[in-house]
Amino acid sequence: MSHVVALSDVDRSSVALVGGKGANLGELSRIDGVEVPAGFCVTTDAFRQSHRGTGAVPAAVASSITAALASLAGPTFAVRS
C-alpha cells in the first residue's frame, strides 16, 4: 500500500484514504480556473502507523514522503495539516 497519494488522484470519495482536507484539495484541483499547486497527501493509514506509540515515523512512510517531496518542482513547499 502506498503511503502517499497525489492530489490529482484524490476526490471527495477519498475521505477515508486521505482525510477531508486532502479530498477537498483534490476536488479543488479539478475546477477550471482554480489553481492548486501539485502536491500529495499522506494517507490516513500512514498517519496511524506513525502514531502507534513509538513516536517515530516508520522508515517506509518516511521514504514515501521523501520520494514524494523530491518529485515536486522547486526547493520550497507548503505543508497543510
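The values are calculated or read from the model by the stated rules, or taken from the named source; none is laboratory data. Source: prediction; values computed, not measured. With ideal geometry, Cβ positions are generated from the backbone for all residues, glycine too; neighbour counts draw on all protein chains shown. SASA here: full protein model, heavy atoms, side chains in, ligands and nucleic acids out. Shrake-Rupley method; radii C 1.70, N 1.55, O 1.52, S 1.80 Å.
Restricting to segment 39-65, what's the tally of residues that are within 13 Å of the chain's Cα centre (by Cα) and open to solvent by 90 Å² or more (accessible area, probe 1.4 Å)?
Adding up the residues that qualify gives 1.
Within segment 1-26, how many residues are under 16 Å from residue 49 (Cβ atoms) and either out of contact with any helix residue (DSSP H, G or I) (no Cβ under 9 Å at 6 or more places or on another chain) or surrounded by 13 or more Cβ atoms within 10 Å (Cβ to Cβ) (or both)?
Final tally of qualifying residues: 7.
Restricting to segment 27-38, name every residue that is open to solvent by 80 Å² or more (accessible area, probe 1.4 Å) and either aliphatic (A, V, I, L, M) or within 17 Å of residue 77 (Cα to Cα) (or both).
Passing the criteria: 31, 35, 37, 38.
For residue 31, which of the numbered conditions (1) touching a His at 6+ places or on another chain (Cβ under 7 Å); (2) of a type in the set (A, V, I, L, M, F, W, C); (3) part of a loop (DSSP other than H, G, I, E, B) fails to hold?
(1)
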